[in-house]
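To keep things clear, I will list the structure first and then write my remarks on it.
The values are calculated or read from the model by the stated rules, or taken from the named source; none is laboratory data. This structure is a prediction, so every number in the text was calculated from the model and none was measured. Cβ: placed from backbone, ideal geometry, glycine included. Neighbour counts: every protein chain shown. Each accessible area value is taken on the protein alone, full model and side chains, heavy atoms only, with ligands, DNA and RNA left out. Shrake-Rupley method; radii C 1.70, N 1.55, O 1.52, S 1.80 Å.
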Amino acid sequence: MNTDRTLTPQFMAALCDIVGAADVVTDADQRSGYEVDWTGRFHGATPAVVRPADTAQVAAIVALCRHEGVALVAQGGNTGLVAGGVPMAGELIVSLRRMDTVGEVDASARQITVGAGATLAAVRDAAAAAGLAYAIDLGARDTATIGGNIATNAGGLNLIRYGGTRDQLVGVEAVLGTGQTISHLGGLIKDNTGYHLPSLLCGSEGTLGIITAARLRLVASHDHRVTALLAFDDVGTAVEAVSRLRERLDALESAELVLDAGVRLVCDAFDLRPPFAEAHPAYVLIEVADSHDPTDEVSTAVGGLTSMRDAAVATDQTQRALLWRYREDHTLALNTLGKPHKLDVTLPIDRLAEFIDTVPDVVHGVVPHGRTWLFGHVGDGNIHVNISGVDADDESGDDAVLAYVASLGGSISAEHGIGTAKKRWLHLSRSIEEIDAMRAIKRALDPDNILNPNALLP
Ligand code: FAD
Ligand code: MLT
Ligand code: ZN
């Protein structure tokens, strides 16, 4: 496998023949944004970024790479958080961003076909313009692409109601490592004709195929929204409150946990006023969306939470957006502290509060100078653990946290994936037999190991 960053002139000329010389980027300045991840922690290097315009060009690139034994990494918006889309071992980058077609909404089927390079925001906007909605939403919506969302099986802010990206996927088109193109975009929702290849490609992190297009399910648009930030004395009562709210609010779309330290960090970083006159240890941000005004249901459900200490409720778009900033701006605020070690784990719900209360001590025990930050999709049992103040290559805190997660029966990756950053811990969540099965699938669909060979599988 050629990952030594020196590609022959003949290979480069062949790439130019496929996509045109203007879309084979070799200039160091133009390449640089593709070579480093969103956090700035992971730097790679690539001989070139190639930017195909259509599926036939992707297929020709893969065939050429297979023939020449050149490794490649597919890249969408480069917002991934596990160094899976950056060329950590000198791979060629195939950027899908030019393939950003957003098709017509099929209102009767409630579906849409889009190019892999379409941004999540563009797909959400297209659905909204047709009076529908695309269920996935996440903070990187303006940059993350549908191809990247599928490759990582992105979760996001609405998973408790609609499921993750895999649940929205009706069909995909992709170029496999063999160079063959598979396309199943007909939109049939009942189609039991063998292995469900869209599900297999979803979450495969660019290791089995390059996704070029997708057929996506749309959902009803709920225009009446209530957002509320609820304050609690501790994490345990906050987590318990989410369970109660899930029972009482069918239209609950998001349930996100933030802690006092994180809210203070966001307020300091972006000059925001604190949400309440008095600070509280833990907060839950909820959003309820329905076809009628759900304010009364929210008031009744929230009013029944005896452990709640304060609440800020908003229906107006501007006020709702402000409440969301206390949650969504965590990622940006943490980047102001340096290059955080980002962990993204799921715990069984009944171990979640214990984990959140204990994990800062677990980190402190191995990296006393490190600081632990916790926030996330508490309704899904998914908590983001960020460690700041630690050298980029000191992974002793990561080690300790992920071992602790495994001891509680959790997963070492809830939604960000494995990439290159987490693969040495894959065995904590997957058995040898499962990893062997994944390797067998990889060999079948990418026999020469050219697609993202350094990601996912140890
Ligand atoms: P990239 O970063 O470009 O690539 C990610 C992986 O997918 C790589 O392995 C790459 O090789 C592969 N890939 C990309 N495109 C293709 C393709 N067309 N075919 C095959 N493989 C491909 N993630 C969540 O799950 N939930 C969140 O709530 C969330 N919030 C975020 C908020 C912020 C502010 C940021 C910066 C990130 C967040 N993320 C979240 C992580 C990230 O946005 C998602 O992983 C997203 O799905 C990545 O999409 P992308 O287009 O940027 O992919
Ligand atoms: C989030 O939920 O905000 C994202 O997954 C990003 C992060 O973990 O920082
Ligand atoms: Zn998240």
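So is ASP137 out of contact with any helix residue (DSSP H, G or I) (no Cβ under 9 Å at 6 or more places or on another chain), at pLDDT 95 or above and surrounded by fewer than 24 Cβ atoms within 10 Å (Cβ to Cβ) or not? Please lay out each step first, then the result.
On the way: out of contact with any helix residue (DSSP H, G or I) (no Cβ under 9 Å at 6 or more places or on another chain): no; at pLDDT 95 or above: yes; surrounded by fewer than 24 Cβ atoms within 10 Å (Cβ to Cβ): yes.
Criteria not met by ASP137.
I'm trying to understand the selection: among the residues of the range 123-141, which are within 14 Å of ligand 2 (Cβ to nearest atom) and either in contact with a Ser or Thr (Cβ under 8 Å, 6 or more places away or on another chain) or in contact (Cβ under 8 Å) with a residue 60 or more places away in the chain (or both)?
Once the filter is applied, which keeps residues that are within 14 Å of ligand 2 (Cβ to nearest atom) and either in contact with a Ser or Thr (Cβ under 8 Å, 6 or more places away or on another chain) or in contact (Cβ under 8 Å) with a residue 60 or more places away in the chain (or both), the range 123-141 yields ILE136, GLY139, ALA140, ARG141.
When residues of the range 63-104 are filtered for being crowded, with 21+ Cβ neighbours inside 10 Å and not in a loop (DSSP other than H, G, I, E, B), how many remain?
Total satisfying the criteria: 10.
Check LYS442, LYS422 and return the single one that is within 27 Å of THR207 (Cα to Cα), within 16 Å of ligand 2 (Cβ to nearest atom) and not β-branched (Val, Ile, Thr).
So the residue among LYS442, LYS422 that is within 27 Å of THR207 (Cα to Cα), within 16 Å of ligand 2 (Cβ to nearest atom) and not β-branched (Val, Ile, Thr) is LYS422.
Taking the range 105-134 as the region of interest, how many residues are in a helix (DSSP H, G or I), open to solvent by 50 Å² or more (accessible area, probe 1.4 Å) and among the small types (Gly, Ala, Ser)?
Matching residues across the range 105-134 total 2.
Limited to the range 32-47, what total is found for residues that are within 12 Å of GLN75 (Cβ to Cβ) and free of Cβ contacts under 8 Å to residues at least 60 places away in the same chain?
So the count comes out to 6.
Just to confirm my filter: which helices (runs of 4 or more DSSP H) fall fully inside the range 294-356 and include at least 2 residues that are among the polar types (S, T, N, Q), surrounded by fewer than 18 Cβ atoms within 10 Å (Cβ to Cβ) and at pLDDT 95 or above?
Correct list: 295-303, 317-328.
Restricting attention to the range 153-171, report how many residues are open to solvent by 30 Å² or more (accessible area, probe 1.4 Å) and farther than 17 Å from ILE383 by Cα.
Residues meeting the conditions: 4.
Which one of the conditions (1) surrounded by 15 or more Cβ atoms within 10 Å (Cβ to Cβ); (2) touching a residue at least 24 places away in the same chain (Cβ under 8 Å); (3) part of a helix (DSSP H, G or I); (4) not hydroxyl-bearing (Ser, Thr, Tyr) does HIS364 fail to meet, given that it meets all the rest?
Tallying (1) surrounded by 15 or more Cβ atoms within 10 Å (Cβ to Cβ); (2) touching a residue at least 24 places away in the same chain (Cβ under 8 Å); (3) part of a helix (DSSP H, G or I); (4) not hydroxyl-bearing (Ser, Thr, Tyr), HIS364 fails exactly one: (2).
Name the residue, out of VAL82, VAL58, that is within 13 Å of ligand 1 (Cβ to nearest atom) and either within 17 Å of the chain's Cα centre (by Cα) or more than 21 Å from SER204 (Cα to Cα) (or both). Don't jump to the end; show me each part of the working.
Working: VAL58 fails: either within 17 Å of the chain's Cα centre (by Cα) or more than 21 Å from SER204 (Cα to Cα) (or both).
Result of the check over VAL82, VAL58: VAL82.
Within the range 396-407, identify whether any single residue is in contact with a strand residue (DSSP E or B) (Cβ under 8 Å, 6 or more places away or on another chain), touching a residue at least 12 places away in the same chain (Cβ under 8 Å) and part of a loop (DSSP other than H, G, I, E, B), and answer yes or no.
Looking through the range 396-407, none of the residues is in contact with a strand residue (DSSP E or B) (Cβ under 8 Å, 6 or more places away or on another chain), touching a residue at least 12 places away in the same chain (Cβ under 8 Å) and part of a loop (DSSP other than H, G, I, E, B).
Kindly check whether there is at least one residue in the range 143-164 that is over 17 Å from ALA414 (Cα atoms), among the hydrophobic types (A, V, I, L, M, F, W, C) and more than 12 Å from ligand 1 (Cβ to nearest atom).
no
Would you mind finding the one in LEU185, LEU201, LEU120, LEU176 that is in contact (Cβ under 8 Å) with a residue 24 or more places away in the chain, more than 16 Å from ligand 2 (Cβ to nearest atom) and under 18 Å from the mean Cα position of the chain (by Cα)?
Going through LEU185, LEU201, LEU120, LEU176 in turn, just one is in contact (Cβ under 8 Å) with a residue 24 or more places away in the chain, more than 16 Å from ligand 2 (Cβ to nearest atom) and under 18 Å from the mean Cα position of the chain (by Cα): LEU201.
Of everything in the range 230-258 that's of a type in the set (Asp, Glu) and surrounded by 20 or more Cβ atoms within 10 Å (Cβ to Cβ), which residue is farthest from VAL298 (Cα to Cα)? If you could, list the steps in order and put the result at the bottom.
The initial filter retains those residues of the range 230-258 that are of a type in the set (Asp, Glu), namely 233-234, 240, 247, 250, 253, 256.
Subsequent filtering for residues that are surrounded by 20 or more Cβ atoms within 10 Å (Cβ to Cβ) retains 253, 256.
Numbers: GLU253: 12, GLU256: 16 Å.
That would be GLU256.
Would you say ILE412 is within 16 Å of ligand 3 (Cβ to nearest atom) and closer than 21 Å to GLY209 by Cβ?
no
For every residue, the table says whether it meets (1) of a type in the set (Lys, Arg); (2) within 30 Å of SER388 (Cα to Cα); (3) touching a helix residue (DSSP H, G or I) at 6+ places or on another chain (Cβ under 9 Å); (4) not in a loop (DSSP other than H, G, I, E, B).
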residue: LEU7; (1), (2), (3), (4): no, no, yes, no
residue: PHE11; (1), (2), (3), (4): no, no, yes, yes
residue: ASP17; (1), (2), (3), (4): no, no, yes, yes
residue: SER32; (1), (2), (3), (4): no, yes, no, yes
residue: TRP38; (1), (2), (3), (4): no, yes, yes, no
residue: ARG41; (1), (2), (3), (4): yes, yes, no, no
residue: THR46; (1), (2), (3), (4): no, yes, yes, no
